[in-house]
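Peer 1: My structure is below; once you've seen it, I'll send some questions.
The values are calculated or read from the model by the stated rules, or taken from the named source; none is laboratory data. Predicted model, so just to flag it, every value in this text is computed and none were measured. Reconstructed Cβ throughout: ideal geometry from the backbone, glycine too, with neighbour counts over all protein chains shown.
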Amino acid sequence: MWWAIPLTLVVFYGSRKLAIKLNMSLLNPLLVSLFIIVPILLLTNTCYDSYFQGSKLLNDLLQPAVVALAFPLYEQLHQIRARWKSIITICLIGSLAAMISGTAVALWLGASPEMAASVLPKSVTTPIAMAVSESIHGVPAISAICVMFVGIFGAVFGYPILNLMRIKTPIARGLSIGSTAHALGTARCVEQDYQEGAYSSLALVICGVITSLTAPFIFPILLRLFS
């Protein structure tokens, strides 16, 4: 499928320019791209596997793109060393709140343990979320969908919520977005402010580690409390 990459690039950059021009968070490039590309695939009767194979080069570039997020983090290293205790505490609280809130709501609404386990790692990046989900007997595919939904929500509504709450400190904004909206939120932070992007990248990594280590212990406790 030769036109997969051109289509993806045109739609993404077109929607990004539109979002910048109109200054509307709802016009998130990823969200807009979904609403354009999916109908095109349906109209052309193109299966997702063909589209994915045609755009595999872009998918392969995701890993070095994530690694590139470490560069602004490196430039803020002196500030991170001075505040490492506060950063670890904030990320720990953010990770626990993300896991407990989502799982508790799912169980309260009558979700099965398998579904609740799939929801628990919703606020970390997809590879970690799928591994955590599998380790606590969830469904990795459902976890991936939850991660995408949470990431888009955070990228679209994260900054309006922070502005509404009058949170202006770059460190606080970056850590809050990174600990809840993982890579998609971090990408949004990088666009808004370099320092916020650095702290969001840091939160993305720390919260992923915390979730991986604590999820197997937290999930059984939540099952006992809300089942």
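Peer 1: Among the residues of region 49-79, write down those that are among the aromatic types (Phe, Trp, Tyr), closer than 16 Å to residue 8 by Cβ and modelled with pLDDT under 80.
Peer 2: none
Peer 1: Moving on. Looking at 158, 174 in this structure, which one is in contact with an Asp or Glu (Cβ under 6 Å, 6 or more places away or on another chain) and either at pLDDT 90 or above or assigned to a helix (DSSP H, G or I) (or both)?
Peer 2: None of the other options fit; the residue is 174.
Peer 1: Just need a number here: residues in region 109-126 that are under 14 Å from residue 221 (Cα atoms) and not small (Gly, Ala, Ser).
Peer 2: So the count comes out to 2.
Peer 1: With the requirement that a residue be aliphatic (A, V, I, L, M), more than 17 Å from residue 189 (Cα to Cα) and free of Cβ contacts under 8 Å to residues at least 24 places away in the same chain, what does region 24-61 give you?
Peer 2: 32, 34, 38, 41, 42, 43, 61
Peer 1: Might you let me know whether region 28-40 holds any residue that is more than 18 Å from residue 152 (Cα to Cα) and at pLDDT 85 or above?
Peer 2: Yes: one or more hits.
Peer 1: Take residue 161 and tell me if it is β-branched (Val, Ile, Thr), without any contact (Cβ under 8 Å) to a residue 12 or more places away in the chain and within 22 Å of residue 30 (Cα to Cα).
Peer 2: Yes; evaluated as a whole, the condition is true for this residue.
Peer 1: Can I ask one more? Taking only region 1-25 into account, find how many residues are closer than 18 Å to residue 47 by Cβ and at pLDDT 80 or above.
Peer 2: Residues in region 1-25 being closer than 18 Å to residue 47 by Cβ and at pLDDT 80 or above: 5 in total.
Peer 1: Related question: Could you figure out which of (1) modelled with pLDDT of 90 or more; (2) not in a loop (DSSP other than H, G, I, E, B) isn't true of residue 121?
Peer 2: It is condition (2) that residue 121 fails.
Peer 1: Ok, one more. Just give me the residues in region 127-136 being surrounded by 20 or more Cβ atoms within 10 Å (Cβ to Cβ) and more than 13 Å from residue 218 (Cβ to Cβ), in sequence order.
Peer 2: Residues satisfying the conditions are 128, 129, 130, 133.
Peer 1: Against the definition (surrounded by 15 or more Cβ atoms within 10 Å (Cβ to Cβ) and of a type in the set (Ser, Thr, Tyr)), how does residue 44 come out, yes or no?
Peer 2: Taking the combined requirement at face value, the residue does not satisfy it.
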